[in-house]
Amino acid sequence: MALTMLNELLIEDPNPPMLLYQVSKTAQLDTVNYQSCFMQGVFAHFPEILFIHRTYNPVGKVLYTFLVDGPRVQLEGHLARAVYFAIPAKEDAEGLAQMFQVFKKFNPAWERVCTILVDPHFLPLPTLAMEFPAAEVLLSAFHICKFLQGKFYQLSLEQPVERVLLTSLQSTMCSATAGNLRKLYTLLSSCIPPAQLPELHSHWLLNDRIWLAHRWRSRAESSRYFQGLEVTTRVLSQLFGTTPCVEQGMASLLRYMQQNAGDEASFSLGLSPQNSRTPLDVSPESPKAEQLVEARIQRSLNAICTGPAAQLCLGELAVVQKSVHLIGSGSEKVNIQILEDTHRVQPQPPTSCSCYFHQAFRLPCRHVLAMLSARHQVLQPDMLPARWTAGCAAGLDNILGSKWSETLDKHLAVALLTEEVGQLLQHCSQEEFERRYNTLRELADSWIGPYEQVQL
């Protein structure tokens with residue numbers, strides 16, 4: 001009867017989705033894999049960051065919900081970001097490998113997944129790493145927040161202490177700067193009994209890789225993000241997590257998806273108004289969308305810049321094309337990370353970046369070009385100084401000779417090194433900090449004098 005109901009729901013769908021299932025010897029659903037045409041299109045357009053949420057029902061079966069995440073995703077609706085539902089036969093390596101393989105078979109864009117966000121209790125990480133070898137697996141900020149909330153309640157803390165911790169947690173999640181995370185870490189260390197502190201895994205708060213995938217959001221965006229995921233996970237729990245019958249839970253979920261198909265109307269491949277500078281016509285059906293964008297950027301470089309400038313920028317573009325980059329946009333600044341380097345881009349003209357290349361040449365660097373690529377934009381004349389525009393420069397040597405100096409070279413090198421050392425010192429343990437600080441102290445003393453005269 002349950003399978004008949006599922007099939008009837010599919011027949012009613014004007015665009016038949018993909019539904020694969022296996023039935024056990026007792027005529028019960030053993031595995032399920034579901035994806036509508038709309039869900040497949042959303043994932044094809046936003047495959048870079050995948051968020052995985054698990055919902056358990058009373059008999060221990062688990063529903064895996066795959067959602068798209070990241071700064072490019074501007075979808076409204078409780079389950080508008082859901083791109084796949086699956087129930088594995090078992091949560092072991094074999095069962096999960098089969099589930100991921102089915103997902104990849106129907107979604108060729110899986111090869112473009114750069115980051116996968118999971119909950120702290122997600123144990124089959126080796127299977128995930130094997131099926132998505134190019135992706136980085138990170139704990140999600142949302143799941144860490146829910147984990148800490150649960151721990152605060154379990155510890156039966158005094159009411160004022162619990163209230164302070166919950167308020168601080170909420171505030172920090174909406175502004176996950178390194179300083180705020182460090183303050184929350186210190187607060188936990190002072191409020192939680194030492195014997196119970198290890199249960200909270202507070203060291204997660206100091207892992208900058210986790211928060212880099214979330215920090216690009218403004219306070220308002222973070223608040224909406226957490227509220228949206230809260231509603232999404234509650235809907236999944238109500239539809240699937242409250243009934244022991246897998247078939248009934250899946251039927252309720254699919255019926256909900258059909259009744260709320262209006263959410264699909266909000267799916268727009270266009271960018272938000274603040275990002276609408278020279279948008280390109282790119283559809284989710286085009287597997288070469290990124291190559292098309294980069295080709296147009298290359299043409300705009302050749303058209304606007306002098307030959308030497310275009311040559312320098314094309315070298316930067318080649319790095320973008322070969323690198324995994326994560327882009328987060330705020331109202332005034334854009335955070336760009338390419339591999340291990342992090343820099344701040346100001347998209348409004350005159351476009352600028354904190355990296356070495358841009359500071360030296362005032363040309364669009366790899367970080368600016370990565371931003372343009374992600375926003376489906378091309379280079380504009382007001383993004384570079386007049387001396388680099390076509391017809392204004394004699395040659396590369398003349399411009400570099402007039403602008404470049406050994407002093408500038410040294411200044412930029414020292415500034416970048418200082419920033420990198422500062423970041424390392426901020427995020428290491430106290431013991432490691434003391435060791436590194438003492439090393440720097442000895443080096444400074446040997447170069448420029450004793451401690452009484454020099455403040456490091």
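The values are calculated or read from the model by the stated rules, or taken from the named source; none is laboratory data. A quick note: this is a predicted structure, and the numbers were derived from the prediction, not measured. We place every Cβ from the backbone using ideal geometry, glycine too, and count neighbours over all the protein chains shown. For accessibility, only protein heavy atoms count, side chains too; no ligands or nucleic acids. Shrake-Rupley method; radii C 1.70, N 1.55, O 1.52, S 1.80 Å.
Checked against the criterion of being surrounded by fewer than 15 Cβ atoms within 10 Å (Cβ to Cβ), at positive phi and of a type in the set (Gly, Ala, Ser), the candidates 156, 189 yield just one match: 156. Scanning the range 236-247 for residues that are surrounded by fewer than 18 Cβ atoms within 10 Å (Cβ to Cβ), in contact (Cβ under 8 Å) with a residue 12 or more places away in the chain and not small (Gly, Ala, Ser) turns up 242, 243, 244, 245. Yes or no: residue 144 surrounded by 14 or more Cβ atoms within 10 Å (Cβ to Cβ), in contact with a Phe, Trp or Tyr (Cβ under 7 Å, 6 or more places away or on another chain) and more than 19 Å from residue 71 (Cβ to Cβ)? So residue 144 fits the description; yes. Selection over the range 87-120 of residues that are more than 23 Å from residue 375 (Cβ to Cβ), open to solvent by less than 20 Å² (accessible area, probe 1.4 Å) and in contact with a His (Cβ under 9 Å, 6 or more places away or on another chain) gives a count of 2. Checking each residue in the range 213-232 for being within 13 Å of the chain's Cα centre (by Cα) and at pLDDT below 85 picks out 213, 214, 215, 216, 217.
Table: residues versus (1) touching a Ser or Thr at 6+ places or on another chain (Cβ under 8 Å); (2) over 17 Å from residue 254 (Cβ atoms); (3) in contact (Cβ under 8 Å) with a residue 60 or more places away in the chain; (4) assigned to a helix (DSSP H, G or I).
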site: 40; (1), (2), (3), (4): no, no, yes, yes
site: 52; (1), (2), (3), (4): yes, yes, yes, no
site: 63; (1), (2), (3), (4): yes, no, yes, no
site: 66; (1), (2), (3), (4): no, no, no, no
site: 73; (1), (2), (3), (4): no, yes, no, no
site: 100; (1), (2), (3), (4): yes, yes, no, yes
site: 122; (1), (2), (3), (4): no, yes, yes, no
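Counting only helices (runs of 4 or more DSSP H) that sit wholly inside the range 169-269, those with at least 2 residues that are closer than 21 Å to residue 52 by Cα are 208-212, 219-239, 246-259. Among the residues of the range 52-86, those that are over 22 Å from residue 224 (Cα atoms) and open to solvent by 40 Å² or more (accessible area, probe 1.4 Å) comprise 56, 58, 59, 60.
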